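S.K.: Take a look at this one; I'll ask things after.
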Amino acid sequence: MKQKLVVRFLMGFTIVVLVGSISLLFAEEKKESKKDPIKIGALFALSGPASSIGTPTKLVAQMVTDKINKEGGINGRPIELVFGDTESDPTKALMVAKRLVEQEGVIALIGPTRTDSGMAIKPYIEEKGIPTIMTIGGDPVIAGGKFGSYKWTFKTPQRTSTAVRKIYGYLKKQGIKRVAIIHATDGFGRDGLSWLKDIAPEFGIELVAIESFDVNDADMTTQLTKIKSSNPEVVICWTIGPAGAKVARNFKQLALPMPLIQCHGQPDPKYIELAGTAAEGTIMPSTKLMVANQLPDSDPQKPIVLEFIRLYKDVYQFDKQYPINTHSGYAWDALMLLAQAMKKAGTDREAIRTELENIKGYVGVSGIFNLTPEDHNGLGTDSLVIVKIENASWKLLEM
């Protein structure tokens, strides 16, 4: 009996010791986890037709990650970006998103670069419940309705509808009513056309001609000749990348007498480089990045935009290879919004999503964000300015 008692006592003592050791071990692991980086997936077009936008976006994402980490990270934990190349291809974008989530274990995503790629990954991230802040121009990813749920999907570039309203508001002030449209047939171009048509009646705009082109087309002369015969007061082109410069060159070759207005995706030194003298006089909506020094000192965005430019040009010197364009701030805003949400929510995905859609008054590079459960962008027309190219530079026409 005594032996049994001893055995029981010894076994009990052993269990107590082990339980204590396990508790200490778990405490140590928990302590270490607080130092582990928070992994965020970043998928951009680093190759393919949209690489001129996707590659500098990656650089900005790393730049703002460095800034957040130097300032203490997320509640003491650093951010680690895990990159993926969508190759400007929707199918590849979905494969990359799955790899980042399922193999790399990221808790959230930023990107991709193009509207088509965004729509390709959207069903997956909505099904899996992955907070995702896209850096694409098109509206469908957060439009709802026939485009599906956007509970987990956000975006930092202005909505297409916001850019259309900015353009139409400017035209209304100029007394212009007769408008022709030439647009790309990709997702971004189709989205632009849809909103240009839907919103036109609000501003008393009559669409006198609508023509389209493939982004890889070498020449748009035929479409512009048809537009010329409709006698519009202005022509609006809706595309991003080199195609917009082709339209501008053909526009000049045909000596069309009316103004050419490009969309909010074209304010980019590359556009001026590719279009050459044909870029002169082109008008377009833009983020404030392109005219930072022309902003009034009272603008709350001005110090944020100037700080971004200082880091981009002077500290990291990205501008030598990738001059600042209207797209440059999208990844900055995406990561800053995500960081703001995570500082309150930690790394719980549902909590991050809830915090994101309730952010109010965040002053970013692209605008002042006021998100709601219904609006997962949160930017108004006041986040855009109207600019004109004069002497190969950007001139502020209207706030």
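The values are calculated or read from the model by the stated rules, or taken from the named source; none is laboratory data. What you are looking at is a predicted structure, and each value in this text was computed from that prediction instead of being measured. FYI the Cβ positions are ideal-geometry reconstructions off the backbone, even for glycines, and counts take in every protein chain you see.
S.K.: Any idea which of 311, 338 is within 15 Å of the chain's Cα centre (by Cα), in contact (Cβ under 8 Å) with a residue 40 or more places away in the chain and assigned to a helix (DSSP H, G or I)? It would help to see each step written out before you state the result.
M.R.: Details: 311 fails: within 15 Å of the chain's Cα centre (by Cα).
Step by step, each of 311, 338 is checked, and only 338 is within 15 Å of the chain's Cα centre (by Cα), in contact (Cβ under 8 Å) with a residue 40 or more places away in the chain and assigned to a helix (DSSP H, G or I).
S.K.: Next up: Condition first: under 24 Å from the mean Cα position of the chain (by Cα), at pLDDT 95 or above and either buried (at least 23 other Cβ atoms within 10 Å of the Cβ) or among the β-branched types (Val, Ile, Thr) (or both). Can you find one or more residues in segment 293-304 that meet it?
M.R.: yes
Residue-by-condition table, conditions (1) assigned by TED's automatic domain parsing to the domain that holds residue 126; (2) of a type in the set (Val, Ile, Thr); (3) on the phi > 0 side of the Ramachandran plot; (4) at pLDDT below 95:
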site: 3; (1), (2), (3), (4): no, no, no, yes
site: 6; (1), (2), (3), (4): no, yes, no, yes
site: 9; (1), (2), (3), (4): no, no, no, yes
site: 13; (1), (2), (3), (4): no, no, no, yes
site: 44; (1), (2), (3), (4): yes, no, no, no
site: 63; (1), (2), (3), (4): yes, no, no, no
site: 79; (1), (2), (3), (4): yes, yes, no, no
site: 86; (1), (2), (3), (4): yes, yes, no, no
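S.K.: What residue, among those in segment 314-335 that are assigned to a loop (DSSP other than H, G, I, E, B) and at pLDDT 95 or above, is surrounded by the most Cβ atoms within 10 Å (Cβ to Cβ)? Even if it seems obvious, please write down each step before you answer.
M.R.: Here is the first cut: in segment 314-335, the ones assigned to a loop (DSSP other than H, G, I, E, B) are 316-317, 321-329.
Pick out the ones that are also at pLDDT 95 or above and you get 316-317.
Values: 316: 15, 317: 10.
Only one residue fits best here, namely 316.
S.K.: Quick one: in segment 41-86, of everything that is closer than 19 Å to residue 106 by Cβ and either free of Cβ contacts under 8 Å to residues at least 24 places away in the same chain or among the charged types (D, E, K, R) (or both), which residue is surrounded by the most Cβ atoms within 10 Å (Cβ to Cβ)?
M.R.: Within segment 41-86, the match that is surrounded by the most Cβ atoms within 10 Å (Cβ to Cβ) is 58.
S.K.: Is one or more of the residues making up segment 149-158 over 21 Å from residue 115 (Cα atoms), in contact with a strand residue (DSSP E or B) (Cβ under 8 Å, 6 or more places away or on another chain) and of a type outside the set (Val, Ile, Thr)?
M.R.: Residues of segment 149-158 over 21 Å from residue 115 (Cα atoms): none.
No, because not a single residue in segment 149-158 is over 21 Å from residue 115 (Cα atoms), in contact with a strand residue (DSSP E or B) (Cβ under 8 Å, 6 or more places away or on another chain) and of a type outside the set (Val, Ile, Thr).
S.K.: Examine segment 377-397 for a residue that is polar (S, T, N, Q), modelled with pLDDT of 95 or more and within 17 Å of residue 135 (Cα to Cα), and state whether such a residue exists.
M.R.: Yes, segment 377-397 contains a residue that is polar (S, T, N, Q), modelled with pLDDT of 95 or more and within 17 Å of residue 135 (Cα to Cα).
S.K.: Quick check on residue 186: is it under 20 Å from residue 113 (Cα atoms) and outside the structural domain of residue 50 (by TED's automatic domain parsing)? Give the derivation first.
M.R.: On the way: under 20 Å from residue 113 (Cα atoms): yes; outside the structural domain of residue 50 (by TED's automatic domain parsing): yes.
So residue 186 passes the test.
S.K.: Can you list residue pairs whose Cβ atoms sit under 6 Å apart, with the first residue in segment 354-380 being under 19 Å from residue 160 (Cα atoms) and the second being loosely packed, with under 15 Cβ neighbours inside 10 Å? Count only pairs 6 or more apart in sequence or on different chains.
M.R.: Partner pairs satisfying both residue conditions: 370/360.
S.K.: Please list, ordered by first then second residue, the pairs with beta carbon atoms under 9 Å, 6 or more apart or interchain, first in segment 130-144 and free of Cβ contacts under 8 Å to residues at least 24 places away in the same chain, second assigned to a loop (DSSP other than H, G, I, E, B).
M.R.: 143/150; 143/159; 144/150; 144/374
S.K.: How about segment 121-145: which of its residues are in a helix (DSSP H, G or I) and out of contact with any Asp or Glu (no Cβ under 9 Å at 6 or more places or on another chain)? Working first, answer last.
M.R.: So in segment 121-145, the residues in a helix (DSSP H, G or I) come out as 121-128, 140-142, 145.
Correct list: 121, 122, 123, 124, 125, 126, 127, 141, 145.
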